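I have placed the structure first, in the form of structure tokens, so that the comments after it can refer back to it.
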Amino acid sequence: MKSKVVVFVVVMLSLSLSLSFGTAMALEFEPMAFQYLRSGTTDIGPGSNGSIYVYGNTLAKQVVNRVEVTIILQQYKNGAWVDYWSDRVVRHEATSATAEKMVSVQGGYQYRLYGIHNVTHNNVSETTYTLTGSWYVN
């Protein structure tokens, strides 16, 4: 019986220390969090007849003065990524901005989507960036 009690106490202490450590680790990242910007997302996929689907979204944590998403479709040409097409959507007094298009592209190249996500509220501006993997178009 004593050994069961000792094992139980050791297990509970271990769990308690693990939870305390986990909580402390999570709090270390809290100062780095954005005050108003929740997330930025970009996506790229197949279209039809020589086109490619592009999507970008910026999401705020609350209604803010300005939400913006800029998506830049890049083409891999001659050993470098070059800007091929772009779009920008700005919304005021909103929680999100979304850009979604089917873009006609040249076959035989790889494409990727670069996103710039910005939220501005009460003169505080927060920005993050996203980048998709590449997509080959025949």
> So how many residues does segment 43-66 have that are within 19 Å of the chain's Cα centre (by Cα) and small (Gly, Ala, Ser)?
Replying inline: 3
>> Just to verify a result, which residue in segment 71-85, among those that are surrounded by fewer than 16 Cβ atoms within 10 Å (Cβ to Cβ) and of a type outside the set (Asp, Glu), is farthest from Gly133 (Cα to Cα)?
In response: Asn78
> Among the residues of segment 75-114 satisfying the criterion of being without any contact (Cβ under 8 Å) to a residue 12 or more places away in the chain and in a strand (DSSP E or B), which is farthest from Ser48 (Cα to Cα)?
Replying inline: Ala80
> Just a yes or no: is a residue in segment 105-112 within 20 Å of Gly133 (Cα to Cα), hydrophobic (A, V, I, L, M, F, W, C) and buried (at least 19 other Cβ atoms within 10 Å of the Cβ)?
Replying inline: yes
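Each value in this text was obtained by applying a stated rule to the coordinates, not by laboratory testing. Predicted, not measured: the structure shown is a model, and the values here were computed from it. Cβ: placed from backbone, ideal geometry, glycine included. Neighbour counts: every protein chain shown.
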